[in-house]
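What follows is a short report on a single structure.
The values are calculated or read from the model by the stated rules, or taken from the named source; none is laboratory data. Here the structure is a predicted model, which means the values were calculated and not measured. Counting neighbours? That spans all protein chains shown, and the Cβs are built from the backbone with ideal geometry, glycine included. Keep in mind that these areas ignore ligands, DNA and RNA; they rest on the heavy atoms of the full protein, side chains included. Shrake-Rupley method; radii C 1.70, N 1.55, O 1.52, S 1.80 Å.
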Amino acid sequence: MYSGATAAAGPPRRDFISVTLGPEEVIGVGGYNNSKAWRRRSCWRKWKQLSRLQRSVILFLFAFLAVCGVISYTIMGEAWKSITNKSLDEQRTEREIPGLKLANPAVLPAPQKADANHGEYPELSLQKPPKPPHVHRGPSNLQIKAPRRDMRLKTRHDTIRAVEELVEADKVEKTEKSIISWRGAVIEPDQSTEPPSSKIKEPEKPSSVEGEDQKEPVPINERQMAVIEAFRHAWKGYKDFAWGHDELKPLSKSYSEWFGLGLTLIDALDTMWIFGLKEEFEEARKWVANDLVFDKNVDVNLFESTIRILGGLLSTYHLSGDSLFLEKAKDIGNRLMPAFRTPSKIPYSDVNIGRGTAHPPRWTSDSTVAEVTSIQLEFRELSRLTGDEKFQKAVDEVMKHVHSLSGKNDGLVPMFINTNSGQFTHLGVYTLGARADSYYEYLLKQWIQGGKKENELLEDYMRAIEGVKKHLLQRSEPKKLTFVGELAHGHFSAKMDHLVCFLPGTLALGAHNGLSADHMKLAEALIETCYQMYAQVETGLSPEIVHFNLRAQKGHKDVEIKPADRHNLLRPETVESLFYMYRFTGDKKYQDWGWEILQNFNRYTRVPTGGYTSINNVQNPSNPEPRDKMESFFLGETLKYMFLLFSDDIDLINLDKYVFNTEAHPLPIWAPS
């Protein structure tokens, strides 16, 4: 009922209000008119509508930005002030010293010359000053290179291949422009001559920095290419018939073992690097990495394994920067240390590198003086690289002991020393040949290696050279050749080993490092004699030993050869001294003499199927009687010195940065601290 009544009442009434706005109210105060005042009030209303947390965050952000702005302004202001002051300083310097520029100042410390201090000995500037640091020689994948290196490596390698073909066809052009792109390693400016710490440290790595003002690469000449071809021929025989073994027997196409440690391969590593033989080097490196194992039950000779294996590994490490060779060097170095466990600290001659035992030869308790005093360069360098002083301490004790011994004759030493008593034996016999030769060589070279600070070494060397002049020098007839003989219990013998031909080079090296100029004059006389030991022989190759005529006899030459002495072992000593003499004098005759020797090696010792052989009879050109053995030093020394002799690049193993061990492995000269 209720609903019906409502419906009858009709729709509800709607009320309306009409408002009229005048122009003033539309645009008047309080309305939106985009004015600054209106916007301020609008922003304030919105700010008041924010929560307290929101307002706090916004205030914090504004404060943070303000602080950052102040700090940035301070930093930029100081930097701008520094730049401004530097510019003013440079301007003042330009005014005071016209032409002096300060671009890139003090990027690297200025290198110091290793021969800065000569003591009382004046410097002889026979070799050009050292050039700025250069990059390493060697395969590109074994070191970090500066830009341009890979292209230059490829250029050299391809050129060597091309020129080798011309050499083999006797069509090598004298103007061949093969490029040497690998330089000798540089010595770090901060290396110290102080004794190394006993604390083990990370191995020092050679620098490979390339100087911005590097000179133009020096072309490889025809004679150097001939040496490379000879090396490749020798290496072919070794690879085909003796790979991984000690020495090649080229005639029987087999090998001989001495230590079973790949002597020829290790001896030749740095030679391949210097020659730029990239493929051969990398192949040999793989053998060292995978197959060279020192943990074997074998006796090795301390001296021979030090100069050939340890020296070869250290040298290759320095030239290539490849830590593999340093690790192998540390391994063999540690295994040789038992040799020094003797009552006198004079080392035994033989070491079993697997068992860690050492002993003298079966027939005597003596060691030869040359052997115990010609391992110092290598062990000292191993200490410098590893930071372990035990290596240097052991060999330094030997030198100090020998320095204090009696039994010398004006600096000349006997040939034998007893490992029990520490005293010289077989007194009264003095020679610069076998069993004593490298003692004199290492006196000088240790002094050079250590920065010319170890005066005892220099004193012993200078005294010994005076002893040579007083007791061992004579002149032959008819050409009056100056030679070094032997003294036995007061009796002079006109016998001279080919080994003695190391002496001219050593004398020249000493003169170059500031010693007496008379040493260079003696070197010039002796190298003439060593050359005549080749030139006066029918094959043009020197015998192992010669005897000189002291009286003129009709129909006799200066040189006489006994049947037991007429063999040639492909020895390096004369070529070694020719290299030093040419490097320090620039006299081309030394290169010509070396070229004659190389040609005669090719004529009488080269084996067609690969390799070179020592010969029994240098007096019989028609049948030199090959011995069927290629000594490891033919690749490690003889051909290396040949290549360096024929080079006009003094930075190709710069003699102000390197000193060669007695197996021709270059080790760095320690720069002054």
Taking 0.36 nm per residue of separation between Gln49 and Glu257 and subtracting their Cα-Cα distance, the length gained on full extension comes to 65.1 nm
Take the Cα of Asn623, step 7 Å along the line toward its Cβ, and report every residue of the range 527-555 whose backbone nitrogen sits under 17 Å from that point.
-> 539
Considering only the other residues whose Cβ falls under 9 Å of the Cβ of Asn301, what net charge follows from Lys and Arg at +1 and Asp and Glu at -1?
-> -4
Assuming R0 = 41 Å, what is the FRET efficiency of Asp587 and Lys296, from their Cβ-Cβ distance, to the nearest 0.05?
-> 0.30
Of the cross-linked pairs Lys400/Lys469; Lys286/Lys657; Lys480/Lys521; Lys345/Lys495, which ones have a Cα-Cα span greater than 26 Å in the structure shown?
-> Lys286/Lys657; Lys345/Lys495
Which of the pairs Lys236/Lys629; Lys236/Lys296; Lys330/Lys445 have their Cα atoms more than 24 Å apart in this structure?
-> Lys236/Lys296
Which FRET efficiency value, to the nearest 0.05, do you get for Glu327 and Ala564 by plugging their Cβ-Cβ distance into 1/(1 + (r/R0)^6) with R0 = 60 Å?
-> 0.85
Per residue, how much accessible area does the range 581-649 have with a 1.4 Å probe, in Å²?
-> 31
Would you work out if the range 589-643 is rounded, prolate or oblate? Take a ≥ b ≥ c from the square roots of the eigenvalues of the alpha-carbon gyration tensor; rounded if a/c is under 1.5, else prolate when a/b is larger than b/c, oblate otherwise.
-> oblate
Grab the Cα-Cα distance for Trp243 and Asp648, subtract it from 0.36 nm times how many residues apart they are, and report the gain in nm with one decimal.
-> 142.5 nm
Solvent exposure of the range 445-577 as accessible area per residue, Å², 1.4 Å probe | 36
Roughly how many Å is it from the Cα centre of the range 241-256 to that of the range 345-394, as a whole number?
-> 28
Surface share of carbon and sulfur [accessible, 1.4 angstrom probe, percent] for the range 292-450 = 48
Which of the peptides 598-605, 305-312 is most tightly packed, and how do the rest follow, judged by the mean count of other Cβ atoms within 10 Å per residue?
-> 305-312, 598-605
Taking a probe of 1.4 Å, how large is the accessible area per residue of the range 270-417, in Å²?
-> 31
Classify the range 212-300 as rounded, prolate or oblate, taking a ≥ b ≥ c as the square roots of the eigenvalues of its Cα gyration tensor: rounded when a/c is under 1.5, otherwise prolate if a/b is larger than b/c and oblate if not.
-> oblate
Kindly identify the range 471-619 as rounded, prolate or oblate by the Cα gyration tensor criterion: order the square roots of the eigenvalues as a ≥ b ≥ c, call it rounded if a/c is under 1.5, otherwise compare a/b with b/c, prolate if a/b is larger, else oblate.
-> oblate
Full extension between Ala517 and Asn420 adds, at 0.36 nm per residue less the Cα distance, a length in nm of 30.8 nm
If you put +1 on each Lys and Arg Cβ and -1 on each Asp and Glu Cβ, how big is the dipole of the range 442-552 around its Cα centre, in Debye rounded to 20?
-> 260
Projected label distance in nm at Trp363 and Phe492, using a 7 Å step from Cα toward the beta-carbon | 3.1
Provide the FRET efficiency to the nearest 0.05 for the Lys236-Arg603 pair, computing r from the beta carbons and using R0 = 30 Å.
-> 0.95
Round to a whole number: what % of the accessible area of the range 592-659 belongs to carbon and sulfur, probe 1.4 Å?
-> 40
